Structures are given as C-alpha cells and as structure tokens.
Amino acid sequence: MPASSPTPWPALRVTYHVTAATQGDLDVRVESLLLEQTVELPRAALRDPFVLENIVGRLISVTTIGADKHLVVIAFPISATGDDPAQFLNVLFGNSSLQDHIVLADFHLPNPRQWPGRDKALPGPQFGALGLRKITNVPTRALTSTALKPIGLTTERLALLCSMFARAGIDIIKDDHGLANQSFHPFRERVRACQKAVREANRASGRQSIYVPNLIGTPATVVEQLKFAQDEGVCAVMITPMLLGLPFMAEIAARHASVPIIAHPSFGGATRTLPELLFGKLFPLYGADATIFANFGGRFAYSRQTCRHLADALVTPDEPNVLPTFPMPAGGIKYQNVADVLAFYGTEVILLIGGGLYEAGDDSALYARAHEFVRHVADFQR
C-alpha cells in the first residue's frame, strides 16, 4: 500500500493498531481511517477540491507487526481540531473508536510554532512533578501517598485517618475516588474536617503533608467544589477525567484551578486506547500533574512493560513544552515491596498504597504500618 506524499499543512500524526486478515480488509480499514475522523463521507462523495486537499487524512505508513496486526500511521490536518480539546479527541479517535479492529496507539503533535492554538486545546500540566515536590517539600526522594477508604465512614473517622496518616509522615493523603457527596461524609463537611486535621498535624510535626479531595459531579458542581476546596486551603485536587471528561479537566486546569490536579484512571478501561497513551500522554496534555495507574503485579492486569512505558511517558514527555508529571502506581502495592517497586520506577514517582496499609489492623497497627511505609521510602537508595 503506497504512502501519501508529505502533507502541505501542519499535521497531527496518529498511530493505530489495525487488525486485518487480508490485504483487501486492510485497504478498506485504512481508507475508513483516512475519512472517518474528519469528512465522514466516502471518497466518491467528496467533490470540493479544498476538502480533498486540506481535510482528508493522508496515509504516512503501514507496517505489518503480526500475522493480522498492522501499524498504521495517518496524518490529519491540525486545523480540523479547531484548537478545541473535544474536537481534538474527535479527530484523534472519534468514529473509528467504534470499530473493534482498531486501537489508538500513539500520536504526535505539530511543532508548537506550527500550531499556535495548542495551549488552547491542550493546556498541559500547570505544575507538574516539580510543583508537587515544592508543595510537599520533598525535593529528591519518591513521594508517599494513601487513600481515605472506604465509602460509608463518618466525616469524623475520615478526619481522624487524615491526622493519623499525616502524623505518620505520608506526603499525599487523598480521598478515595468513590468518596463523593454521599450523606455519610458530605463533600464540604469532609473537606473542611480533613483539611483541618492535616493542617494541625503539619503544625505539630513540621512536615508538609497535603490532603487531596476528590471532585466529582456535574461540571457546575465540580467547579463549586473546586472553589470551596481552594478556599479551605487544599494544596491539590483529584479528578477522574474519564468520568468528568478530558476537555472539562483541561478547562479546570487552564481556567479554574490554582492547585495541581491528580488524575484517577477509573473508567479508563472503557476505551480502545493503549493505557500508556491514555494515562501517560493524554492525561498530562489535558492538565494532569500526576496520573494514578494500575501497577503490575497487583489486582489489575497491566504488565511491567506497559507500566514502564507509561511511567516513562509521564516523566519524559515526548512533546515539547510539556512539564514532566508524576507517575502514581497503585492497585495492590504492598508496603513490604516498596524497595522493589522503587527499584523499578526510581525516585520520580508517587507510591500510592491503600489496602496494604489498612489490612494491618487497628489504629495503632495502621499508624505503625504507615510510618514504616514512609521509612522504607525515605531509606531507599537506588
């Protein structure tokens, strides 16, 4: 299959994994990709010369990587995105995401000089890893984190857990992503109590632990929650972009938030996109300063290779002018395995351990285990 000539316009270059058993199937599926993301018409129905020349995607290359697997690279005009964060996703993987034989694998943006509207569409991290290090006063080592669990606890109990974890020295104490505005622990009541608990613990210890509330709901609700949390003095917030919408997170990062955003991966499996691309590249471009993802060997099925690619994409972004962001592996990490996990990721990481702490037992045992977790991280030398 011949590749197209170089594009005469600034291009979004997108890589897809395409399954096709025959050359005929492959030709049809590549042609569909060229058309579906922009014009959404058969080529025979396109008669406008401008549209044919400047809107239809162009094939860059096809590489066979397996018996029926192919790597297809296509260029789309960046002008088709309209410098809009939602339309960017539409061009990237809109209608074609409905085809079960296509997986979104990677993309590359035009040079920033060729796309002056990039920051409008993709604001990128506003603080990045360095910003979170400054806020927590942790200049070099890995950061520690845990989650307030489970749903159904009283506000008073959650605040007590916050105080305990902060006194143990954990850097980031976040809401579980299931903590919303439930009657057991209403958002405003919870945020005020937990922030106060961490602030008082910091005053006693001299540390800079932070409490991170979960923002969830309709756009209007989330904006109100953000304003309230910031007024209460929180130093970061958590958002689940696949529930709220990536474009909405971009707007929050660019227009509303004065604190870093930690992105949670829930609902991220409901898409035909490689996890290293979704969590490692798209989340930061849409404003995440740290990205939680499922660590290998836990209760999710990610491989070591996927986690390696994902963490590398966050720490060393391949797009210019994008701040490095923190990988935040989670999902079954045991505190006894901290040294092994750090040996894999290095110190540019936030280790998130939830159940591995809570299973210790009563509050005294929980505090002791949290403190031991902190000590393991502090003692790590790569």
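Below is a table of values for the structure above.
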{"quantity": "Options Ile60, Ile102: the member that is at pLDDT 95 or above, touching a Ser or Thr at 6+ places or on another chain (Cβ under 8 Å) and more than 27 Å from Thr291 (Cβ to Cβ)", "calculated": "Ile60"}
{"quantity": "Matching residues, region 127-150, being assigned to a loop (DSSP other than H, G, I, E, B) and over 20 Å from Ala166 (Cα atoms)", "calculated": "Phe127"}
{"quantity": "Count - residues of region 329-374 that are of a type in the set (Lys, Arg) and either without any contact (Cβ under 8 Å) to a residue 24 or more places away in the chain or touching a Pro at 6+ places or on another chain (Cβ under 8 Å) (or both)", "calculated": "1"}
{"quantity": "Output for region 201-219, where each listed residue is surrounded by 15 or more Cβ atoms within 10 Å (Cβ to Cβ) and more than 29 Å from Met242 (Cα to Cα)", "calculated": "Ala201, Asn202, Arg207, Gln208"}
{"quantity": "Qualifying positions in region 303-329 - under 18 Å from Ala263 (Cα atoms) and outside any helix (DSSP H, G or I)", "calculated": "Thr316, Pro317, Val322, Leu323, Pro324, Thr325, Phe326, Pro327, Met328, Pro329"}
{"quantity": "Qualifying position, being among the basic types (Lys, Arg) and in contact (Cβ under 8 Å) with a residue 40 or more places away in the chain, among Lys174, Lys196", "calculated": "Lys174"}
{"quantity": "Odd one out for Glu348 among (1) in contact with a helix residue (DSSP H, G or I) (Cβ under 6 Å, 6 or more places away or on another chain); (2) among the charged types (D, E, K, R); (3) at pLDDT below 95", "calculated": "(3)"}
{"quantity": "Qualifying positions in region 142-167 - out of contact with any Asp or Glu (no Cβ under 9 Å at 6 or more places or on another chain) and either of a type in the set (Phe, Trp, Tyr) or touching a residue at least 24 places away in the same chain (Cβ under 8 Å) (or both)", "calculated": "Thr146, Gly152, Leu153, Thr154, Glu156, Ala159, Cys162, Phe165, Arg167"}
{"quantity": "Any hit, region 64-85, residues being more than 19 Å from Ala250 (Cβ to Cβ), of a type in the set (Ser, Thr, Tyr) and without any contact (Cβ under 8 Å) to a residue 40 or more places away in the chain", "calculated": "yes"}
{"quantity": "Among (1) part of a loop (DSSP other than H, G, I, E, B); (2) exposed (fewer than 15 other Cβ atoms within 10 Å of the Cβ) - the single one Gly124 does not satisfy", "calculated": "(2)"}
{"quantity": "Odd one out for Glu224, checked against (1) in contact with a His (Cβ under 7 Å, 6 or more places away or on another chain); (2) without any contact (Cβ under 8 Å) to a residue 24 or more places away in the chain", "calculated": "(1)"}
{"quantity": "Check on Ala339, part of a helix (DSSP H, G or I), out of contact with any Leu (no Cβ under 6 Å at 6 or more places or on another chain) and farther than 20 Å from Ile172 by Cα", "calculated": "no"}
{"quantity": "Residues satisfying the stated conditions in region 258-272, i.e. open to solvent by 20 Å² or more (accessible area, probe 1.4 Å) and either modelled with pLDDT of 95 or more or over 17 Å from Phe293 (Cα atoms) (or both)", "calculated": "Ser258, His264, Pro265, Ser266, Phe267"}
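Per-residue answers, yes or no, for (1) open to solvent by 50 Å² or more (accessible area, probe 1.4 Å); (2) out of contact with any helix residue (DSSP H, G or I) (no Cβ under 9 Å at 6 or more places or on another chain):
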site	(1), (2)
Val39	no, no
Val51	no, yes
Leu89	no, no
Gln114	yes, no
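The values are calculated or read from the model by the stated rules, or taken from the named source; none is laboratory data. Note that the structure is predicted; figures quoted are calculated from it, not measured. A quick note on method: Cβ atoms are made from the backbone with ideal geometry, for glycine too, and the neighbour counts reach across all protein chains shown. Please note that ligands, DNA and RNA were not included when accessible areas were found on the heavy atoms of the full protein model with its side chains. Shrake-Rupley method; radii C 1.70, N 1.55, O 1.52, S 1.80 Å.
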